[in-house]
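The values are calculated or read from the model by the stated rules, or taken from the named source; none is laboratory data. From a predicted model like this one, the values you see are computed outputs, not experimental measurements. Virtual Cβ from ideal backbone geometry, glycine too; neighbours counted across all protein chains shown. With ligands, DNA and RNA removed, areas are computed over all heavy atoms of the protein, side chains included. Shrake-Rupley method; radii C 1.70, N 1.55, O 1.52, S 1.80 Å.
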Amino acid sequence: MSVEMPATASHLRDWVSRGESETQEFKIRTSSGCLNTATESLCGMLNTRGGRVLFGIEPNGTIVGQTASDRTIEKVAGAVGRIDPAASPEIERILLADGAREVIGVTVGRSHRRPHTYKGTAYKRVGNTTVALTRDEYNQMLFEAYHATQRWETEAAEGWAVEDLDASEIARTLEEGVRRGRIDEPGTRDPSEMLRGLGLLSPNGLTRAAVVLFAKPEKLVSTFSQCRVRLARFRGTDKTEFIDNRQFHGNAFSVLTRADQFLRSHLPIAGRIVSGVFERSDDPIYPPLALREALANAVCHRDYSIGGGSVGVAIYDDRLEITSSGELHFGLRVEDLYRVHDSLPWNPLVADVFYKRGIIETWGRGTLKMTQLTQQAGLPRPEFEESPGALLVRFRPSSYLPPQRVGRDLTERQQDLLRVIASGGPMPLKQIIEQLGKPAERRSIQTDLHFLRSLELIDSSGFGRGARWALRDRRD
């Protein structure tokens, strides 16, 4: 605990202008009642995202200050000292313009020693209020604290030996880490020594993280069945019918490879007409780097202790979803994934190997990179959703994606017609032909349009040359 006076009246005005929130609370004075509730709030801030309590501020934000002495600071420090485990707040004394009164600020960071209690009760911040943790919330924080030293990935993999791992994959990881300057050259390619250097071989034997990262596939199905990826391409926008459905067991690197191959095989291409250019410009509908980042995050940060867990990839006509077993931990919320946040990986050993291999660059920035890449491509930002036992990231296209098969395969021109009509709204035949960008007989295009209408993909209104074509609303 430190007592400092670096803050100025200007800093104070800036803080107060932000009002009370999850990370800031005002107290009029340091009287016993105010000090007691303020310490509850500081306890809650330690258990949530950190924050600050300012003494000498009215609830409406009026700065009044108070006459403070060394004894006042001792009383504040004594109250905060009753938080268990002990915290290390920063206490600041901010002198007001009259030279007589002060505002006392007490700041705490987000704690890695939570849950904290004050007078036997654990608290959290919800908006600008402080409430007691539920029993389930308290137990979850205890589990996360235990996880820091005793977690699934660090336990010994019983029944597994170094010979059960893919030595070439271990060597490839080491060489890539050396090339990137993230591993010092060990001077050996002995698998045991390489694993020991990566922190994956303990006195008790192979860690479970080593199995997740480098296992040969033969033993995984029976002993580590959660090391799998489920891949599906659905027809339409729901799970009623499969176009392709596969499942693979393998180590983390082979799972990533399988998922990437499946995406490249099944993802549609976004075709667009470029002004002044005869050929159509074809680009992947979703940025490949964003998808690889999402897959790497799913494989790296999932909860492997869930025996029936997996990574899932589902491609629909209107979206792509990647799911992984496990939930957000350490107080991280879905909205935090869109901004800079602390990196507290659930599997630090796995994450460290991914970093050294170059699969992830900087911990805590994966979701930001996905958002940046999709927005640069003109797509909506990814959608993150948390549900009991799973985390999902969803990518959506920026424009209409024509189905490749509706009862029967659609030709390339029929798909192009759907794209053109989707981009221009209700259109006459002449405009459709101009936008199509490829020479074709008028009658052939009319035949395709009538066929698409028979499949209830498009509608027409009007007659003769005044007829206009538009997409049919097929939303469920």
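Below is a table of values for the structure above.
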read-out	value
Only listed residue being among the acidic types (D, E), open to solvent by 50 Å² or more (accessible area, probe 1.4 Å) and touching a residue at least 12 places away in the same chain (Cβ under 8 Å), chosen from D244, D184, D190, D238	D238
Tally, over the range 194-204, of residues that are exposed (fewer than 15 other Cβ atoms within 10 Å of the Cβ) and touching a residue at least 12 places away in the same chain (Cβ under 8 Å)	2
Residues of the range 212-228 satisfying the condition of being among the β-branched types (V, I, T) and open to solvent by less than 10 Å² (accessible area, probe 1.4 Å)	V212
Among (1) surrounded by 15 or more Cβ atoms within 10 Å (Cβ to Cβ); (2) closer than 24 Å to A132 by Cα; (3) more than 36 Å from the chain's Cα centre (by Cα), the one test that N36 misses	(1)
Failed condition for T447, given (1) at pLDDT 85 or above; (2) within 32 Å of the chain's Cα centre (by Cα); (3) of a type in the set (S, T, Y)	(2)
Meets criteria (acidic (D, E), touching a Gly at 6+ places or on another chain (Cβ under 9 Å) and open to solvent by 30 Å² or more (accessible area, probe 1.4 Å)) for E155	no
Qualifying residue in the range 41-56 (condition: open to solvent by less than 40 Å² (accessible area, probe 1.4 Å), within 29 Å of the chain's Cα centre (by Cα) and β-branched (V, I, T))	yes
Residues located in the range 120-156, provided they are in a loop (DSSP other than H, G, I, E, B) and modelled with pLDDT under 90	A148, T149, Q150, R151
Residue under evaluation L457, criteria (1) modelled with pLDDT of 85 or more; (2) surrounded by 14 or more Cβ atoms within 10 Å (Cβ to Cβ), criterion not met	(1)
V106 out of contact with any Asp or Glu (no Cβ under 7 Å at 6 or more places or on another chain) and under 22 Å from A38 (Cβ atoms)	yes
Condition met for E22 (surrounded by 21 or more Cβ atoms within 10 Å (Cβ to Cβ) and in contact with a Gly (Cβ under 7 Å, 6 or more places away or on another chain))	no
Residues satisfying the stated conditions in the range 365-376, i.e. at pLDDT below 85 and buried (at least 17 other Cβ atoms within 10 Å of the Cβ)	G366
Residue among G65, G61, G78, G99 that alone is closer than 14 Å to L35 by Cα and open to solvent by less than 80 Å² (accessible area, probe 1.4 Å)	G78
Test set (1) open to solvent by 60 Å² or more (accessible area, probe 1.4 Å); (2) free of Cβ contacts under 8 Å to residues at least 40 places away in the same chain - Q435 fails condition number	(2)
Single residue of T188, T207 found to be in contact with a helix residue (DSSP H, G or I) (Cβ under 9 Å, 6 or more places away or on another chain), of a type in the set (V, I, T) and within 17 Å of G307 (Cα to Cα)	T207
D318, sole failed condition from (1) open to solvent by less than 60 Å² (accessible area, probe 1.4 Å); (2) touching a helix residue (DSSP H, G or I) at 6+ places or on another chain (Cβ under 7 Å); (3) closer than 28 Å to R246 by Cβ; (4) modelled with pLDDT of 85 or more	(2)
The range 142-173, subset among the charged types (D, E, K, R) and over 13 Å from K219 (Cα atoms), residue nearest to the chain's Cα centre (by Cα)	E144
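Listed here are the residues, each with its yes/no results for (1) assigned to a loop (DSSP other than H, G, I, E, B); (2) under 12 Å from the mean Cα position of the chain (by Cα); (3) surrounded by 20 or more Cβ atoms within 10 Å (Cβ to Cβ).
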{"residue": "E327", "(1), (2), (3)": "yes, yes, no"}
{"residue": "L332", "(1), (2), (3)": "yes, yes, no"}
{"residue": "L337", "(1), (2), (3)": "no, yes, yes"}
{"residue": "W346", "(1), (2), (3)": "yes, no, yes"}
{"residue": "A351", "(1), (2), (3)": "no, no, yes"}
{"residue": "E361", "(1), (2), (3)": "yes, no, no"}
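The rows are residues; the columns are (1) over 30 Å from H266 (Cα atoms); (2) modelled with pLDDT of 95 or more; (3) in a strand (DSSP E or B).
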| residue | (1), (2), (3) |
| --- | --- |
| E158 | yes, no, no |
| R182 | yes, no, no |
| E185 | yes, no, no |
| R189 | yes, no, no |
| A210 | yes, yes, no |
| L213 | no, yes, no |
| E218 | no, no, no |
| R230 | no, yes, yes |
| D238 | no, no, no |
